[in-house]
Structures are given as C-alpha cells and as structure tokens.
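The values are calculated or read from the model by the stated rules, or taken from the named source; none is laboratory data. Worth saying up front: this structure is predicted, and the values here are computed from it rather than measured. Note that each Cβ is placed from the backbone with ideal geometry, even for glycine, and that neighbours are counted across all protein chains shown. Just so you know, the surface numbers come from the protein's heavy atoms only, side chains and all, with ligands and any DNA or RNA stripped out. Shrake-Rupley method; radii C 1.70, N 1.55, O 1.52, S 1.80 Å.
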Amino acid sequence: MRDVAIIATAQSKHVRAASTLNEVELIQPVIHEAIEQSGIGRHDFDFTCSGSSDYLAGQPFSFVMTLDAVAAWPPIAESHVEMDGAWALYEAWVKIQTGQADTALVYSYGKSSPGDLPRVLSRMMDPYYEAPLWPTSIDFAALQARVAIADGVTSEAQMAEIANRSRNAAASNPFAQLTSSPEVADLLSSEYLAEPLRKHDCAPITDGGVAVILAAGDKAREHCTRPAWIRGIDHRADGHHINFRNLCVAPSIGIAAEKAGVGMGPVEVAELHACFTHQEPIIKAALGLDESTVVNPSGGPLAANPMMAAGLIRLVEVANRIHSGEVSRGVAHATGGHALQHNLVAVLEGEG
Amino acid sequence: MSDSAPIELPEGLWSQPAVDTSAVDSITDVESVQLITTPAKFVYDYTPGVARTRFLRAIEQKRLVGQRCPETQKVYIPPAGVSPVSGLPTLEEVELGLDGTVVSYCIVNLDFTGNAQEIPYVSALILVDGSDIPIYGLVREIAPEDVHFGLRLKSVWVEPEEMTTSFENIKWWAPNGEPDVPKSELADYV
Amino acid sequence: MAERVAVVGIGQTKYTATRGDVSLPGLLREAAFRALEDAHMTFDDIDCVVVGKAPDFFEGVMVPEYSLVSALGAVGKPIFRVHTAGSVSGSTAIVASQLVEGGIHGTVLTIGWEMQSCSEAMWALSVTMPFQQQLVAGAGGYFAPYIRQYIARSGAPDDTGILVALKDRQNALLNPYAHLHEHDITYESVRDSIMLWDPIRYSETCPSSDGAFAMVMTNEAGGDAAAAEGRQPAWIHATAMRSEPALAAGRDQVSPQAGKDCAASVFKQAGITNPRKEIDVAEVYVPFSWYEPMWLENLGFAEEGTGWQLTHDGVTARDGDLPFNPSGGVLSSNPIGASGMIRFGEAALQVRGMAGDRQIDGARKALGHAYGGAAQFYSMWVVGSDKP
C-alpha cells in the first residue's frame, strides 16, 4: 500500500439553516481554504471526488452545480459518490493506491434545511415493507435505543451524559452548531421526542460542508509539516432489515476496525459518527475502545451534523489533532444508512 | 410470483440459477402482486443564494443581470455565484441587454411543458446581449422554419402586474427586426 | 504496484419497458447471478460490491443500495455507490476495477441498474425551480440545438442520423437482451417517424428501460485461472474519467474537451497510437443517433467534421472496420443507470468472444464509452483479449 495522508482540511461554520447561500456558495470558500492551506495549485490536483445527496438537495444531479467550485477547466479526473464524503475520501485513496494520482481534492456538503430531514431520510428504507410506513430517522433510532437500553448497552442517564459532554466539548470547536449543554439532571427531566429518545439525544439538523486534501508519500511531506497518515481504512455494511439485525451491536464496525488495524496501537482520540447518543457506546464497543481514548473532542455529530459531510468531518477532526501535534494516533468512524448500517473506520497517525 | 409471459433468454450461454421456488409455487390461493404504489410528496424550500437572489430581484424589475468571472472576464447568466472555469466567486454584477441572438435551436413537435404550447414551437439557445453564455428560451412570433443562427431577438415579458422573482417573467423571445449577427461572431458560444 | 485486472464474469437482464415480474432486489440478483455463474463463482467469492445508478428519484428510493445489501450477499462486506450522472455505471465499473488494480480487493462484483418503470423519468429530471432557466423541451430539447450546430459545422447529410438509428436497431435484432426488437424497421420508417425535436426524430431517440448489468472482476491470478480453464477473460488495458463544468462560457458542447481528453488518456494508457486501426469494436453511448458521428470525431476516430462520412461509408456497421454498437447500443436499450456499464460490458463480451450472434469476428481490443450530464462527464475503458 502507498502511504497516503490528509495534508489540509477546511470546514464551514455549521448552522441550522444557511438560508442565504446556495450549495455552491456554501462549499466554494471551504474548498478554496483547503486548497490554499495545501499550497497546491487549484488546477493541479490529480483527482477530485465529492459526496452529496440528491434527496437532501431535492433535485437530481445536485452535485453538478457544486462542480463549479473546483475549477474543472481544463477538464479534470473526477468522481462523485451518493454517500458521505468519507467514502469520497475512500475512493480518492483507492485512486492514489492505483498509482494514477498522487494528490486528491475531496469535499462533501449537505444542506438539510430545504426539506423535512427525518421524513426525507425515511426514503432510505426498504421500499416494499418499511418506506410505505413513513418511519422517520428518529423513530428508527428510537427503536435501536430501546433495545440498547433493554440489553444494558446504555441507559438514559449515560445518554444524557454523552449529550452533555459532547456539546460542552464543542465550546472549543469554532465550527460547531451547538456549543453548550444544560446539566445532566435537567436533560433527564425533559420531554421525550420518541421515547426513549429526548431532544438532546439527537444530532441537530445542520447545513455545512467540508474539504480535505490528500497526498501520497513525499508529496505529503513536501506540503505538510506533520501529515496525518492513513494507516488503515476499511468500510463494511450490515444488513438492512431490522428484523435481521441485532441493533445492540454493529458487526460491520468490528470487521472494518480489524481490517483498518485499530487495535495495532493506542487510540489517543476517536471521532465517532454517532448521530444519536445511544450509538456512541455501540460504536465504542465495536471498535474495542476503552476509557483511555478521548471520544469526540470536537463535540461530534451531536454538536454539528451536516449530512453527507459529518462522516468526513470525523476524519478531519482527527487529522487536525495530528497536524497540530496534539496526538499521534487516532481513529475516525463514519456511518451511512439507518442504525449504523454502513460503517467506515480509518486509523490516522503522525510521524515521530 | 408473476403471471406475465416468461422473458425470453438466450439459450446455452447462461441459465437461471437454481433457486428453490417451491414455497412460492405453493401459494395458489392469492393473486400475485406486481405493483405497489407509495405516493411520496416532499416540499423543499430552495435557497437561491446570494447571486441568484440579485438576479431574481433584477428580473422582477424587468432587468437582466449577469456576473463576471474575475479571472476570465466572462459574464454569466443566470449567475450561480461561482465561475465554473476559475472556481472563484463572481462578485462583479453586469447589467445586460434585454435582447439576444439565436446561437442554435430545435423545433419541437410535442408539448413537453404540459401547458399546451402551439405545436410546433422553437426552443433556442439565446445569447443575451452582454453575456458570454447562451440560455434556453422559447421563440415565437415567427414561423419555426424561418428561425436561423444569428437571428436577433427581443424578450417578451408578462404584464407588469404579473411580474415575480422568476425566469417565467419572460414569456418568450421574438424577432426584433435587427440584421442577423454573422455566424463567425457566434462560434465561441455553442 | 498496480495489479492487472480481468473481467471474468458478465451477466445482464433482458431490457424491457416494464419488468413487472421482479422486485428491485430481484432485478439486480438476476444480473448478479448470471455474472457469478459465468465466473464460476458464488457470492462467497466476492470481496466487495460496487453499484451505480442514475438519480435516486428515478425509483423514489434514497440510497437504494442499503436495502439491497442482503440481496447482494454483501452483509459484512464493503458496498460502494457511485453517482456521476449518465456516465455513472461506466464510472462504477472503473471504481470497481481500481479496487482490484490498487490491490485492495481480489474479486469485486459491480452492478449498474435502473428500474425506470418505477417512476416517470421526465418528472424525476425536471424538478422546477424559479431561478433556473426554462428548458422548454425535455432532454432532447437540451441536446438538439447542439446536434443542429454539428450538422451546420460539418455539412453532414440530413439522413446521417437515420442511418445510425437503422444500423443500431438492426444490430439489436441480434442481441436477445435488447429492449427494442423492431423487425420491420426500414430507412423509410425511421425517416417518416415524428420529428420530435427537429433535427431529432422519434426513431432516433433511446427508449426508457428496466434492466441491470453485472460484472465480476478479479486480479491477475483470477484472470489467469479463468483462462487456464478455457474461459477467456477480458483484460482491462486502461480506464479514464474526465469532467468539465456544465455551464462554462466558451465551452464547446458539440465536441466537449473532457471527451477529447478522456479518449486521449485512455488510448495513451493502452498504448494505442492509431485508434481507428487498433480498436476492433466500440460500444459508445449514443442516446440520440447523431451522437455517433459526433463521438467518432470527439474520440479521435475521425477528423473534425468528417465523422458522418464513416457512418455513410459503413465503417461503423457490423461488417465495417470499426463497428459501433453491435449490441444495438443505447438507442435499443436504455436502463439509464446501467447504460454505461452495458457499453463497458458489451466491449468486454466482444474481446472474450462471448457476444453470441452479435459477436464481431476477430475482436481483440474494444472501447467502452459512457457520458452524462450536459455532455460533461466521461468514462471510458479499453479491454483486450490479451494481457496488457
């Protein structure tokens, strides 16, 4: 495998509704900030890959308009995934592995504000048996939370603690949408949204975007003083129908973690794509993390959850901490689908 | 399970995989289901964005505005906020004319719009005066067979009281009587 | 470092306007099982599944691959979804091949599909927004003005499009999977069909189809093993993708630069210096008949302005020296999200000598081509009977 690193990153300030900007206006400054940081010319990337969703945007081929932001002229080698940007990064990493690229620009974005997100996400369900019932993403997560509590994986009190810890941690994250939390006791006395989930258990609805620059080997060292090397990266899917799954565990995360080599060294920091509080212990267990790992110091998706970008942001948050020298080894997790169905795990390391 | 005719498949090259369908075959007391309908309706509140908002506010006042790419100096209509060639924001607004020139077109013999256009009608690529990229528009008040490259057009607008923040303010385009623009001057716009 | 990649299994469904007798998973499994059977494999042999299709609105299912995971034997495996507009399933095949080429997986299953009967494609493509310019004539209305411009520039005879449609539809009669089997088609019947978007006639447009296409790709060892058992693999000699903005001032939409660059890249990587001579057969994405002469030029098979001469001279016919779309092409079958992969896969079938009645004798090197969006996204590959 070729050594590939994240050498530059940028995010938007995440907000509930970016109501003055269209998608291309939202992502253009983010892309250009990452490009400038990398010191690579904007026409000089060997490959470009993005992630977004037509259903979020409410229009087909919605990625076509954001291509305007990357200066695809003269024409560029480019691809797009209808998944979180973490998978766009994965495709770019694969491209670099083939030797056909040494550098790549990766970006993703989501504006959830135009539509009714929990209902829009119901269209991800099996179209024959589940989607006609219009279960929202919150309903579905509540089912998972219910069995997780019943099985002793978590508790409402632990969930409230996770919400409180995450949002308070986000106070130091300049891009976060929610940056403080009421006390745990107050959270627990609040109303249920979909029992056993309360509002604080759910990630906010967010508009935002993210961009990442990847480079291989010496190219990475040339453009970054302390590259965040991708030591392992893998993604796996679980089945879809909840009656076929034990929702208290995420076997696909376990497989991806093993393939990515999570257990090969200490995990100083982990950024987990847990959009609901009860998912954090499920992901931690599947990754094999213990209490020595700092989880979601950025606040995680509970502090800002731009769909299609929140997974890639997990890699960015770990990479940023490696770039700064704060940590030497960390794990990022991204998810797609309902109830942690599709999962990507990456191990990032600094040198020396 | 289906009661439609079996689909013809080439013999010898591939066969259907062996699947035990005995359970399905034993279902004889219910009609087969070939179609389920799940109506889905979503309302989206689109954000035009900064550049398009300026464009829409102008079109509400019967003006057409474009935006200039800071690198190539090309003028875009309708502006999206970013120049696709340089990837840079287009911040300079440019007042455009209300006339334009046909750079290409087609003659349509079916009503694709669902609002009973006269058939046939002409859909043209029109280069608005002062801009560098053609837009699509309907051409009327001329026989379809008389439309040609370089034909000069004026925009025909809805009544003042019907004006909104929409491209629909332009009903169609019609000949303005000016002499044709030579083909050579239009070469870069298709 | 880069691994050689072989296509060792290909499967496709019969293309029809409305399948009606299978579910979404059923449609994909039909193609997948045929590809696996061809490869002498089962789902157990597959390391990763890569799928591609057109916008989710076409079936009204958001990220449909998630509810297909079990049906595709992908539980516990990676599943990957590509979306690059009309070129999508060409791009999907390329992403799948790169997973093998980069040494990440040994064996990958890739599937392109569309079930257009699930919704009205014209509707799915035309969400109206007040700030977008009006496109008053549907998809054909977008491309027809560029075709008119091509005719003006090249001086091509008016009936070039008729000849292409006639050839592709007659080729389709030899392809049992093709959607349209118009046994009675004649030059006159195409000529006399309704002029939808002058200069595009009804019989010069593609149908709307249900269908799926699947391929199994392996590393060099897998390709060698298949060859040793007498099952000819298609070896991938080169792949390329290029994109350009939809609305760039000065962009030539008749012969887009991205298409030229993509072709130049794929031929260079494949060591091809004279494509007209060295390519034995090409499956090229021609949704409107006039795109054959336009792509002949854009791909570098003909000088600018002369592509139509190849069509008129019969060069692109089955018995010509550069057959274009012996499968019948997009003009005969168009499950949008599979149409690109069908081009790639039919090219592979040709160099494997497994194209049945539509086989071109002696085909050893073939081009697969797909494009999409506002003629702005391109994906291509060159496959051969011999190892690169």
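Computed values, structure above
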item	result
q = 0.11 Å⁻¹, the stretch C:152-269: log10 I(q)/I(0) [Debye, one scatterer per Cα]	-0.69
Per-pair calculated FRET efficiency, R0 = 56 Å: A:TYR192 and B:LEU91 via Cβ, rounded to 0.05	0.70
HN-Hα J in Hz across the stretch C:372-385 - Karplus 6.51, -1.76, 1.60, θ = phi - 60°, x for Gly and Pro	x, x, 7, 6, 10, 10, 10, 9, 8, 9, 10, 10, x, 6
Share antiparallel - DSSP beta bridges, the stretch B:98-183, percent rounded to 5	95 percent
Nitroxide proxy distance, nm - points 7 Å out along Cα→Cβ at A:ASP151 and A:ASP218	5.1 nm
Average Cα contact separation per residue, the stretch B:47-96, under 8 Å, 6 or more apart, as relative contact order %	37 percent
Separation of alpha-carbon centers, the stretch A:110-148 and the stretch C:73-118, rounded to whole Å	25 Å
Cα-based Lys proximity count in chain C, under 23 Å, for pairs eight or more positions apart or on separate chains	14
Estimated [θ] at 222 nm from DSSP helical runs (n ≥ 4, -39500 (n - 2.57)) normalised by residues in the protein assembly as shown, nearest 500	-8000 deg cm²/dmol
Anchor B:LYS62: aspartates and glutamates whose Cα lies under 18 Å away (excluding residues fewer than 8 positions away in-chain)	B:GLU93, B:GLU95, B:ASP99, B:ASP129, B:GLU159, B:GLU161, B:GLU162, B:GLU168
Amide H within-cut-off set for A:ARG231, under 5 Å, with H built and near neighbours excluded	A:VAL347, A:LEU348, A:GLU349
Accessible surface, per residue, of the stretch A:50-156 when the full set of protein chains is kept, probe 1.4 Å, Å²	24 Å²
Ranking by accessible area, most exposed first, for B:PHE167, A:PHE244 with a 1.4 Å probe	A:PHE244, B:PHE167
With Cα atoms, 0 to 90° folded angle of helix C:257-269 axis to chain C main axis	40 degrees
Relative contact order, percent, chain C [alpha-carbon distance under 8 Å, six or more residues apart]	26 percent
Exposure ranking of A:ASP44, C:ASP38 by accessible area [1.4 Å probe, largest first]	A:ASP44, C:ASP38
Rounded to the nearest 20 debye, dipole of chain C from Cβ charges on Lys, Arg, Asp, Glu	480 debye
Ratio Rg/Rh [Cα only; Rh per Kirkwood] for the stretch A:117-201	1.05
With all protein chains modelled, accessible area of A:ASP102 [1.4 Å, Å²]	60 Å²
For the protein assembly as shown, the Rg and Dmax computed from alpha carbons only, in angstrom	27.2, 83
Whole-number D in µm² s⁻¹ for the stretch A:195-248, Kirkwood Cα-pair radius fed into Stokes-Einstein, 4 °C, 1.567 mPa s	79 µm²/s
Area of C:THR316 that stays accessible when all protein chains are in place (1.4 Å probe, Å², to 10)	0 Å²
Angle between chain C longest axis and helix C:138-154 axis [Cα atoms, degrees, rounded to 10]	70 degrees
A:ALA171/A:THR20 FRET efficiency (R0 30 Å; Cβ-Cβ; nearest 0.05)	0.70
10 °C / 1.306 mPa s Stokes-Einstein diffusion coefficient of the stretch B:47-96, Kirkwood radius on C-alpha pairs, µm²/s	150 µm²/s
Spread of Cα-to-Cα distances over 20 Å intervals beginning at zero, given as percent, for chain A	33, 60, 7
Average accessible surface area per residue within the stretch B:47-96, 1.4 Å rolling probe, Å²	40 Å²
Kirkwood hydrodynamic radius of chain C, from inverse mean 1/r over distinct Cα pairs, in Å	20.5 Å
With Cα atoms, 0 to 90° folded angle of helix C:88-101 axis to chain C main axis	30 degrees
Qualifying aspartates and glutamates (Cα of each under 19 Å from Cα of B:LYS41; at least 8 residues distant if same chain)	A:ASP54, A:ASP116, A:ASP126, A:GLU130, C:ASP56, C:GLU59, C:GLU120
All aspartates and glutamates inside 19 Å of A:LYS13 as judged from Cα atoms, apart from same-chain residues fewer than 8 positions distant	A:GLU23, A:GLU25, A:GLU33, A:GLU36, A:ASP84, A:ASP207, A:GLU271, A:GLU317
Computed E for C:HIS183/C:ASP357 - FRET, C-beta separation, R0 22 angstrom, nearest 0.05	0.95
Mean Cα-pair separation over length for the stretch A:296-352, i.e. relative contact order, pairs under 8 Å, 6 or more apart, %	29 percent
Accessible surface of C:VAL95 - all protein chains present, 1.4 Å probe, nearest 10 Å²	10 Å²
Distance between modelled label sites at C:ARG364 and C:TYR202, nm, 7 Å Cα→Cβ extension	4.6 nm
Accessible surface ranking that places the most exposed of C:SER91, C:SER70 first, with a 1.4 angstrom probe	C:SER70, C:SER91
Ellipsoid semi-axes in whole angstrom, largest first, where each is sqrt(5λ) of the Cα gyration tensor of the stretch B:98-183	20, 17, 11
